[in-house]
Structure formats: structure tokens, C-alpha cells
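*Asks:* For reference, the structure I am asking about is given below.
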Amino acid sequence: MLVGVDLGQPAGFDPTLEELALLAASAGDEVVGRVTARRRAPDAALFVGSGKADEIKALVLGTQASGVIFDQALSPAQQRNLERHLGVPVADRTSLILDIFGDRARSHEGKLQVELARLQYLATRLVRRWSHLERQRGGIGARGGPGEAQIELDRRMIGERIKSLSARLEKVKRQRNTQRKARERRGTFRVSLVGYTNAGKSTLFNALVKARAFAADQLFATLDTTTRQLWLGDDVGSVSLSDTVGFIRDLPHKLVEAFEATLQEAAEADLLLHVMDVASPHQIEQRDEVMRVLGEIGAGDIPQIWVCNKIDQLEDSQQPREAADWILADGGRRFRRVFVSARDGTGLDTLREAIADAARAHHALPDHPSSDGHLPDFLPSHHA
């Protein structure tokens with residue numbers, strides 16, 4: 001059973017709960033019902049209030065649902081109270097995404113990152129999880145029982161594991177920095193694919209470099225960064241192309257922090273290919289969310305090409321008039337748009353040429369001045 005609560009925020013509420021349903025499907029769950037509610041503020045005890053909680057309980061019983069997933073983050077107390085009230089396990093958006101990431105991580109680094117995020121999430125949810133032991137009090141003068149001792153023991157174990165994982169990830173980060181510096185010494189132009197999850201980044205990556213990165217029509221099909229060389233002709237040579245983890249609305253901050261080493265690949269790129277699903281009715285909201293997260297990780301000012309993917313799914317009347325154009329976005333920043341279908345190969349030659357233009361422009365920047373001393377037309381003026 002899916003539950004979404006509209007708290008009156010300008011953005012961030014999906015009344016259809018379609019994205020939550022896709023997340024649930026990605027985690028292997030089957031959706032049997034959806035419930036939405038509107039509140040000015042979350043109820044401190046049950047998030048939705050007692051009346052709506054009773055309604056959800058009746059639907060759970062009627063559909064024989066085995067669990068409830070909320071589209072918003074729940075506090076530990078709200079989650080515990082809801083589980084008692086509804087009689088089934090309750091998860092929130094954060095824990096659902098963590099479950100998916102846990103299933104999908106393949107590399108050693110990815111597994112470390114997911115485990116760190118899971119433990120940071122779990123550390124906030126130990127409060128009174130051992131209440132069944134609290135009644136077993138000790139001898140004379142004992143103020144606490146085994147329940148409190150177990151909580152402290154778990155908290156200490158989790159804290160030590162978090163420290164250990166953080167140290168190992170710091171080592172991974174240093175190794176990545178060494179690899180990046182080696183690429184910089186070779187003068188390699190670095191390109192990173194970014195975009196909303198399921199926009200088609202891995203399919204595009206495979207089409208451009210003939211790789212075999214896992215690609216599927218599901219959210220978070222790939223988590224681990226893959227880097228390959230992309231040949232762009234004799235005058236440009238090869239550039240480094242990296243596929244990164246997809247972004248999503250309300251991506252848990254702990255995951256953003258845990259995946260810092262992976263996201264750093266995007267933050268230190270020379271060019272971002274911002275892949276968008278133009279067939280999605282939510283493409284503008286998805287684009288804005290990706291731009292927001294890029295700003296959050298320090299990649300907001302890196303030059304971008306907007307790769308408008310999945311044009312094969314558009315009606316004839318919606319097809320672009322040109323293979324590529326320019327668009328003036330909010331803030332007066334210009335972006336080059338290229339319309340492609342990663343699935344059937346439409347527009348890929350135009351995209352390769354756009355990447356080559358960016359590489360040439362990069363080498364004409366102050367470190368590589370152009371003959372007339374002006375900034376290349378490819379880049380927005382504030383990159384001077």
C-alpha cells in the first residue's frame with residue numbers, strides 16, 4: 001500500500017504516486033493500492049493523523065497488503081507508531097531507496113557506500129526498538145535493564161562500523177583523485193553522464209562507447225561509475241566518458257554524502273551530458289531536480305550539453321525540427337540541446353560532434369588561448 005501526503009509545498013508532491021510505485025517495483029514489491037492525504041503539517045505521532053491511519057488500516061486489511069510505504073520521510077517514532085497501528089511493516093521513501101541501492105550495488109566501493117548510508121539511517125532508529133527487554137530489570141538499585149544496555153551496545157557497534165567504512169571510503173576517494181590527476185596529466189578531456197534515474201544514461205553510454213554497462217527500464221538500474229574512452233576523430237582524439245548514478249527527487253542526504261566519491265566524478269568533469277527523458281510528462285521537474293543536486297555537489301557551473309533522449313517515444317507532431325539547437329535557460333545561461341534516441345541510434349553522430357566541439361572549446365580556454373583571445377561560442381559567458 002502506497003501513501004503520499006501533500007504538505008502544501010510548491011513542489012515535491014506526486015499526486016499519482018507513480019514514481020513511488022516505480023521505486024516499489026524496482027525493489028520487487030507489487031502495489032495493491034494508493035492513498036493520498038493533505039495536511040498543513042505532519043501529525044507528530046502518526047504522520048497522517050488517526051482518522052487517515054484508520055482508513056489506511058481498513059485498506060490494508062481489505063487488500064491483504066503485507067506492508068505500507070510512505071512517499072515522505074518518517075521519524076523513528078512515527079514509523080514505530082504506524083507499525084503498531086496498522087499491524088504491518090512500514091517503510092518510508094528513504095528506506096525504500098536504500099533497499100534498492102543495497103540490491104543494485106555491485107562494486108566494492110558501491111557496497112561500502114550503501115552500507116554506510118544504511119547504518120547512518122539505522123543509527124537514528126534504535127530508540128526503543130528493544131522495548132520488549134526493558135521490563136527485565138536487574139538487581140537492587142539497577143536503573144536500567146538489558147534493553148537499554150542492548151541499545152547502547154548496538155549504537156556503539158554501529159558507530160564503530162560507520163567510522164571504519166568512512167575511513168575505507170576516504171581511501172577510495174584518494175585513489176580516485178590519483179586516477180583523475182593521472183588523466184589530467186595526460187590532458188584527457190573528462191565527460192560525465194548525469195540525469196534523472198531511468199532517463200537512459202546507461203543505454204546512451206553503451207551506444208556511444210560500445211560498452212556493456214547494465215541498462216534496464218527501471219529506477220537505479222546502475223549505481224557504479226563506469227569509465228571508458230570515446231574516440232572523436234583525429235583532431236580531438238579520445239575523451240574519458242563516465243556513467244554515474246541517477247538522481248531522483250528527495251534523494252536521501254545520507255546517500256548523497258555516502259556517494260560523494262562517485263558523484264565527485266561529475267563534480268570534476270570538464271563537460272556534463274545532462275540526459276533527459278523527453279517522453280516523460282515530468283521532464284521539467286526532473287531536469288530542475290538534477291540541476292539542484294548538481295549545484296549541491298559543486299557541479300552547477302560545469303558546462304553542459306542537454307541530451308534530450310527517447311525521441312523515438314514521441315508522437316510525430318512532437319518530433320524536434322532540428323537535430324540540435326540552443327536554449328536560453330533561467331538565469332540567462334545558454335545550453336546546447338541535442339535530440340537523440342539512445343535505443344535506435346538517432347542523433348548520436350550529432351551528439352559526438354557536440355562533444356568534440358566542447359573538447360575543442362575547452363582547449364581554447366585561458367590555459368589554451370584562442371587566436372583572437374575570445375571565449376569559444378560553445379560555452380556560456382560566465383565561464384570566462
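*Asks:* Tell me, which strands (runs of 3 or more DSSP E) wholly within region 1-108 include 1 or more residues that are crowded, with 20+ Cβ neighbours inside 10 Å and under 24 Å from the mean Cα position of the chain (by Cα)?
*Replies:* 2-6, 68-70, 90-92
*Asks:* Given the criteria farther than 21 Å from Glu19 by Cβ, surrounded by fewer than 17 Cβ atoms within 10 Å (Cβ to Cβ), of a type in the set (Lys, Arg) and modelled with pLDDT under 85, does Arg125 qualify?
*Replies:* Answer is yes for this residue.
*Asks:* If I filter region 290-309 for residues that are part of a loop (DSSP other than H, G, I, E, B), within 19 Å of Arg176 (Cβ to Cβ), modelled with pLDDT under 90 and not hydrophobic (A, V, I, L, M, F, W, C), do I get at least one hit?
*Replies:* Looking for residues that are part of a loop (DSSP other than H, G, I, E, B), within 19 Å of Arg176 (Cβ to Cβ), modelled with pLDDT under 90 and not hydrophobic (A, V, I, L, M, F, W, C), one finds at least one in region 290-309, hence yes.
The values are calculated or read from the model by the stated rules, or taken from the named source; none is laboratory data. Quick caveat: nothing in here was measured; it's all calculated off a predicted structure. Here Cβ is always computed from backbone atoms with ideal geometry, including for glycine, and neighbour counts include all displayed protein chains.
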